[in-house]
Amino acid sequence: MKRYNPTEIEAKWQKYWEDNGTYTVNLADNSKPKYYGLSMLPGITGAGIHTGHGRTFQFSDIKTRAKRQQGCNAYNPIGWDSFGLPVENYAIKVGKKPREAHDEALVNFKRQLKRLGYGYDWTKELSTADPQYYRWTQWIFNKLFEHGLAYQKESPQWWCETDQTVLANEQVEGGKCWRCGNQVTKKNLKQWFFKITEYADEMLAATDDLNWTEMVKTMQKNWIGRSVGAEVEFKIDGSDDILTVFTTRPDTLFGATFVVLAPEHELVKSLVNNETSEAVEAYVADAARKSEIERMNESREKTGVFTGSYAINPVNGNRIPIWVADYVLSGYGTGAIMAVPAHDERDFAFAEKFNLPIIEVIEKPETNREIGVYDGEGPLVNSGRFDGIDSSDAREQIVAWLEQEKTGHQKTSYKMRDWLISRQRYWGAPIPIIHCPTHGAVPVPDDQLPVLLPDVDDFKPKGGATSALAGVTDWVNTTCPICGEASKRETDTLDGYACSSWYFLRYLDPFNDKQPWNPDIINHWMPVDFYNGADHAVAHLLYARFWTRFFYKLGLVPNPEPFGRMMYNAYILAPDGTKMSKSKGNTIDPLEIMDSGYGADSLRVYEMFIAPYDLEAPWDTRGVPGAYRFLNRVWNLVQEYVEASSGRLSDKSNEILVTAHRLAKKVTEDIENDKFNTAISSMMEAVNNYYKLKVANPIAKDDTWTYAIESLLMVLSPFAPHITEELWRQIGHEDTIHIDHWPKWNDEFMTTDIMTIVVQVNGKLRAKLEVEKTTNPEDIKRLAIESDNVKKFVEGNQPKKIIYVPGKLVNVVV
RNA sequence: GCGCGGAUGGUGGAAUGGUAGACACGAGAGACUUAAAAUCUCUUGGGCGGAUAGCCCGUGCGGGUUCAAGUCCCGCUCUGCGCACCA
């Protein structure tokens, strides 16, 4: 009898799979149904992955493996998110050039992923920093530019002083840089944007129907942040200027007692007079100096100054003061609001502090009379001819009236801003633009792509709002593609997120040098059937959706949404219950565990068994040995089968078949429903069962045990691909278990002739009955009330009711 | 503050409204062994009990619906995550 030696068999089968192209997919083969499984592109930011990452990759591996075994042409590719800030920062940290640092780090990444036995098609590996890849990223930039979705604009932008670059809104988390965690400030700069807001509405509308983890859908909806309201025009008293405000509550218009502008609002300068100008200018200058985060952290104590001017409320002609305050944000709506202190908390706080009038225009419900601010619905008061109308109806009527008077209109606003994509950093795809004195920003013609990133010795950011590329004069100096005039190249590079917004399409045609992909292949393979990750719930997924929608409009992809099922999994915590991180030194290297003799399969089984996918759970160092014990039991069980004599039939084989067929069904359904932990526990249960059953029914090479052993190996295979391949061969098969081998089950085998009926009295368990499946319900009820322990609780009373749930329980109500 | 989750043994967790605690870890006992490791078998929510007879209690707290509630409804507490002066 052979002993289970993971180290030996895992190396052997990994080599076999590679040599035989077991996971190499012919993308042109349409003879089988397709299945496209993917985990988010790994970023090369350090020397490798930890067990938390490993788990993330494994989800798509298992889904894809199961489908491959079930007869699909199943594709699980791998590649590297090589461009961008994280890689460049890593390079600075290790004191090497980005390319060099990246390539060196990649060695360990690959070693880890290969040792973990993922069923990747390594022949189609890609990297976003490969010129043959970023050539097409630049091509996509050109297409966006051509369609007016890439543009340059000067505006205040998030700026990270540490990383010396601007950041997209999605990359600022709680006022801090997503990479270095330091506070960001705003800087007025001319930058490139992608017009993602163009798709805000349709992405929002499509979100509800996505088969995605609910939390991610909610986060995306909140991020898009659609608000339907109105823009209302206020005349400025004594001036021809018009002040437009945005509000979601036009029904409260009669309650507006002042107007507030953001400090950055363009009209501020023209509204001041001799007495107020000094104070207002000081206030504006102060606000500009402070970062947004400082404003936020200052305990939300309202500050502001009066401009000296007044606005006229269009509905009632009231003359109300115009203030400047930093609680109004310049980037949202019109950067100006009408303040209704009676029905908005922030306005109320401001009014209280500066003694501004408060007028109630919505009647508070009886129960809420006490509270100061009421922001709910109710009949209008103090609102002229709209009095008595419920606020929800008044909303529309007031807007209709404004539209008629041409002093306002309905308006939808979004929190989402356009995607800022220029980075003042070296390590990225150069933005393929040439600045011509005559023609302005001119895209580099498609046939001249890629614009290669030049090799430079000093790539580090110098500050001053340009990347290191600005110093490469013979690269910067070029001629205009239109007129040939001396021009300069754009020296900003593309946000790394841009590079990773379309990789799932390139995977389907990675070597195409004529076009980014062949639409015929994409039509067959898209969308991605299963996508998962533990990060990037907003930015990456929104960007990828945006681009896919754009490609859809160009007829380049068959579906506006890139990802079918998107599963957002939780991270595994370190044994101490905190987040695993390099800096804390509490990460666990999968190589270490595998090298200690447990092998990849035990690690893989534990990673799935530890908790459901969406729950954070601390790493238990005793977990892998536990999984190893289970696999060892499988191994020993199969060894008995290998050594058993053939042809003998066990006489009482029914329970073995019940166990086997139930298991096949359960694991199939669990994998389908992403319940990987219970799939494993049911396999453990079945194996425990087989150990008991083999005492009375010794393992033999009969139909019953053959089905039990083979189906066990097949359903275990996506989780533990090496041991199952080895045992599959040992029991006599010559082909790989990983293609087209999945058990069929038969519901007829899933029940025994005897069923257990639970007997309750008033809902409490009092007895159990073992009866023949064919027993009729009346007999079961009779047996139930006659059983001794039930009699004791019924105590001669006549049962009021007897409820029988067929095949399950009897509840006697007394 | 708003939004979305979560709360079950010593631990990770399981449970279409129908036997709460599957499975695993840990712990304890036994078998094998000169011994240890490995392996195999059994026990393991708390309490009463000689009992693997039976009973009582038990899924964060307080109510409710139901023949029956961890599960559904209402009101709380704590906690994780996301967003956060978005008018």
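The values are calculated or read from the model by the stated rules, or taken from the named source; none is laboratory data. Since we're looking at a predicted model, the values are computed, not measured. Don't worry about glycine lacking a Cβ; one is built from the backbone with ideal geometry, like all the others, and counts go over all protein chains shown.
Selection over the stretch A:778-814 of residues that are closer than 16 Å to A:Asp753 by Cα and either of a type in the set (Val, Ile, Thr) or away from RNA strand B (no atom under 14 Å from the Cβ) (or both) gives a count of 1. Taking first residues from the stretch A:723-735 that are under 12 Å from A:Ile709 (Cα atoms) and surrounded by fewer than 22 Cβ atoms within 10 Å (Cβ to Cβ) and partners that are at pLDDT below 95 and aromatic (Phe, Trp, Tyr), the Cβ contacts under 8 Å between residues at least 6 apart in sequence or on separate chains come to A:Ile731/A:Tyr641. Taking first residues from the stretch A:659-688 that are near RNA strand B (Cβ under 10 Å from one of its atoms) and partners that are outside any helix (DSSP H, G or I) and of a type in the set (Gly, Ala, Ser), the Cβ contacts under 8 Å between residues at least 6 apart in sequence or on separate chains come to A:Asn677/A:Ala611.
Restricting attention to the stretch A:465-477, does a residue exist that is touching a helix residue (DSSP H, G or I) at 6+ places or on another chain (Cβ under 8 Å), in a loop (DSSP other than H, G, I, E, B) and over 12 Å from A:Trp136 (Cα atoms)? Checked against the condition, which is being touching a helix residue (DSSP H, G or I) at 6+ places or on another chain (Cβ under 8 Å), in a loop (DSSP other than H, G, I, E, B) and over 12 Å from A:Trp136 (Cα atoms), the stretch A:465-477 yields no hits at all.
Go through the residues of the stretch A:379-397 one by one and say whether even a single one is away from RNA strand B (no atom under 14 Å from the Cβ), surrounded by fewer than 20 Cβ atoms within 10 Å (Cβ to Cβ) and within 14 Å of A:Val232 (Cα to Cα).
yes
All of (1) within 24 Å of the chain's Cα centre (by Cα); (2) within 11 Å of RNA strand B (Cβ to nearest atom); (3) farther than 16 Å from A:Asn677 by Cα hold for A:Ser581 with one exception: (2). Checking A:Leu449, A:Leu508 one by one, the residue that is closer than 24 Å to A:Glu125 by Cβ, crowded, with 18+ Cβ neighbours inside 10 Å and modelled with pLDDT under 95 is A:Leu449 and no other. In the set A:Leu556, A:Leu615, only one residue is farther than 30 Å from A:Leu508 by Cα and in a loop (DSSP other than H, G, I, E, B); that residue is A:Leu615.
Which one of these is of a type in the set (Val, Ile, Thr), touching a His at 6+ places or on another chain (Cβ under 6 Å) and closer than 30 Å to A:Arg633 by Cβ: A:Ile593, A:Ile588? Don't jump to the end; show me each part of the working.
Details: A:Ile593 fails: touching a His at 6+ places or on another chain (Cβ under 6 Å).
Answer to the check: A:Ile588.
Do we have A:Ala262 as out of contact with any strand residue (DSSP E or B) (no Cβ under 6 Å at 6 or more places or on another chain), modelled with pLDDT of 90 or more, within 9 Å of RNA strand B (Cβ to nearest atom) and of a type outside the set (Ser, Thr, Tyr) here? So A:Ala262 fits the description; yes. Scanning the stretch A:149-204 for residues that are assigned to a strand (DSSP E or B), among the small types (Gly, Ala, Ser) and buried (at least 20 other Cβ atoms within 10 Å of the Cβ) yields one hit, A:Ala150.
Here is a yes/no grid of residues against (1) buried (at least 22 other Cβ atoms within 10 Å of the Cβ); (2) at pLDDT 95 or above:
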| position | (1), (2) |
| --- | --- |
| A:Pro42 | no, no |
| A:Arg65 | yes, yes |
| A:Ile92 | no, no |
| A:Arg115 | no, yes |
| A:Ala129 | yes, yes |
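Going residue by residue through the stretch A:421-433, is there one that turns out to be part of a strand (DSSP E or B), farther than 27 Å from A:Lys514 by Cα and not polar (S, T, N, Q)? Yes, the stretch A:421-433 contains a residue that is part of a strand (DSSP E or B), farther than 27 Å from A:Lys514 by Cα and not polar (S, T, N, Q).
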